[in-house]
Amino acid sequence: MDVIKNTKETAINRIITGRIPPGEDLIRGIKEICKEFKVKHGYISMIIGSLERLTIIYAVPDETKKLNIKYSENTIIEGPLELLCAQGLIGEDENSEQSVHVHILVSDRYMRVFGGHLVEGGSKVAATAEIVIHELKDTKYLRKFDQETGFYLFKIE
């Protein structure tokens, strides 16, 4: 794979910081903030807080796939959970709809740590989810099917 083909120098246009309140779905809250502040392309540098419930997917072996991996079925972890860290990318899909890709780490009451790809509609904020979003200047993240990997990935333009 040509590393440079998928790389671009960019700059931060602005930073949006906020808080997603109790009861909100984490991804839907991120999308609402992006809509309100008209952020189309950027990255989430951090989210911390707590969740009532988490829904994630994660990589599992599958020798029938191109890279010998696929993603699991939805895994639901009931809380309360400490949201230790989350970060991700904000862009658009092939239909110009907003696409948010977030990786997350949480811990449960026994201090076990769980992590994976956040699934929209399945992760409810408990007390708070404090977030920092960096909007990028002159850069687009476009999520498209990647023939080489067999996954939908962000292409940088």
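The values are calculated or read from the model by the stated rules, or taken from the named source; none is laboratory data. This structure is a prediction, so every number in the text was calculated from the model and none was measured. Ideal geometry is used to build each Cβ from the backbone, glycine not excepted, and the neighbour counts take in all protein chains shown.
In the set (1) surrounded by fewer than 16 Cβ atoms within 10 Å (Cβ to Cβ); (2) in contact with a helix residue (DSSP H, G or I) (Cβ under 8 Å, 6 or more places away or on another chain); (3) part of a strand (DSSP E or B), the condition left unmet by Tyr152 is number (2).
For region 124-148, the tally of residues that are assigned to a loop (DSSP other than H, G, I, E, B) and either surrounded by 14 or more Cβ atoms within 10 Å (Cβ to Cβ) or modelled with pLDDT of 95 or more (or both) stands at 2.
Among the residues making up region 89-114, a single one is among the polar types (S, T, N, Q) and under 23 Å from Ala126 (Cβ atoms): Ser107.
For region 76-83, the condition holds for at least one residue, the condition being that it is charged (D, E, K, R) and either touching a strand residue (DSSP E or B) at 6+ places or on another chain (Cβ under 6 Å) or surrounded by 14 or more Cβ atoms within 10 Å (Cβ to Cβ) (or both).
Of Ser107, Ser72, Ser99, which residue is of a type outside the set (A, V, I, L, M, F, W, C) and either crowded, with 17+ Cβ neighbours inside 10 Å or at positive phi (or both)? Result: Ser99 is the single residue among Ser107, Ser72, Ser99 that is of a type outside the set (A, V, I, L, M, F, W, C) and either crowded, with 17+ Cβ neighbours inside 10 Å or at positive phi (or both).
Taking the conditions (1) outside any strand (DSSP E or B); (2) of a type outside the set (S, T, N, Q); (3) touching a helix residue (DSSP H, G or I) at 6+ places or on another chain (Cβ under 9 Å); (4) farther than 22 Å from Pro21 by Cβ in turn, Gly121 satisfies each one other than (4). It is to be established whether one or more residues within region 61-69 are at pLDDT below 95 and of a type in the set (Lys, Arg). Yes, region 61-69 has at least one match. Tell me, yes or no, whether region 71-85 has at least one residue that is under 16 Å from Tyr152 (Cα atoms), part of a strand (DSSP E or B) and modelled with pLDDT under 95. The answer is yes, given that some residue of region 71-85 is under 16 Å from Tyr152 (Cα atoms), part of a strand (DSSP E or B) and modelled with pLDDT under 95.
Which of the residues that make up region 30-49 are assigned to a helix (DSSP H, G or I) and touching a residue at least 24 places away in the same chain (Cβ under 8 Å)?
If the condition is that a residue be assigned to a helix (DSSP H, G or I) and touching a residue at least 24 places away in the same chain (Cβ under 8 Å), then Ile30, Lys31, Ile33, Cys34, Lys35, Phe37 are the ones that fit.
Whether any residue in region 36-56 is at pLDDT 95 or above, surrounded by 15 or more Cβ atoms within 10 Å (Cβ to Cβ), closer than 23 Å to Phe114 by Cβ and of a type in the set (Phe, Trp, Tyr) is what I want to check. Yes: region 36-56 contains one or more residues that are at pLDDT 95 or above, surrounded by 15 or more Cβ atoms within 10 Å (Cβ to Cβ), closer than 23 Å to Phe114 by Cβ and of a type in the set (Phe, Trp, Tyr).
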